[in-house]
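To keep things clear, I will list the structure first and then write my remarks on it.
Nothing in this text is a laboratory measurement; each read-out follows from the coordinates by a stated rule. In this text, all values refer to a predicted model and were calculated from it rather than measured experimentally. Reconstructed Cβ throughout: ideal geometry from the backbone, glycine too, with neighbour counts over all protein chains shown.
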Amino acid sequence: MAQPKEHNAANSGQKQEQGALEQAKQTAGELADKAREQVEQGAGALGSGMRNLAGTLRQNAPHEGMMGTAATSLADTLERGGHYLEHEGMSSMLDDLGTLVRRNPVPAVLVGVGLGFVLAQLFRSER
């Protein structure tokens with residue numbers, strides 16, 4: 001008679017563990033969704049800031065000569081980048097980056113190696 005009670009206790013323990021595991025998965029999913037939402041909001045705010053900076057640059061920079069050309073080009077780039085971040089968001093940007101890396105794997109590896117080298121030099125010089 002002791003065996004059924006032990007068996008029921010073991011089943012009960014397994015059910016509790018499964019319930020706790022499911023709850024942990026659900027909580028992790030909710031936290032990931034909140035983090036994703038905050039990143040998207042941050043990307044929109046960054047895009048808006050970039051567009052505002054482009055407008056300020058256009059107003060205050062020279063309009064003629066080499067400096068005017070460079071300022072206009074920079075303002076246009078900021079405007080396009082800001083628009084992209086505001087309307088497409090980080091998830092779309094990461095998808096585009098993944099596509100770029102798949103289409104151009106060798107340059108992507110070279111860029112990664114270059115960034116690694118620069119970071120290593122920066123951290124070495126801080127010591």
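What the table shows:
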item: Test item: Cα-centred dipole of the chain, Lys/Arg +1 and Asp/Glu -1 on Cβ, debye; result: 360 debye
item: Dipole-positive endmost among GLY55, VAL111, LEU85 within the range 2-126 (Cβ charges, Cα centre); result: VAL111
item: Structure-derived Cα extents along the principal axes in Å: which label, when the choices are (i) 96, 37, 34; (ii) 51, 36, 24; (iii) 45, 35, 26; result: (i)
item: Mean Cβ neighbour count within 10 Å, used as a protection proxy, ranking 81-93, 14-26, 62-74 highest first; result: 81-93, 62-74, 14-26
item: Among MET67, LEU94, PHE123 the positive-end extreme of the charge dipole of the chain (Cβ point charges); result: PHE123
item: Chain lengthening between ALA45 and VAL118 when straightened (0.36 nm per residue, less Cα-Cα); result: 23.4 nm
item: Length-normalised contact order for the range 2-126 - Cα pairs under 8 Å, 6+ apart - percent; result: 23 percent
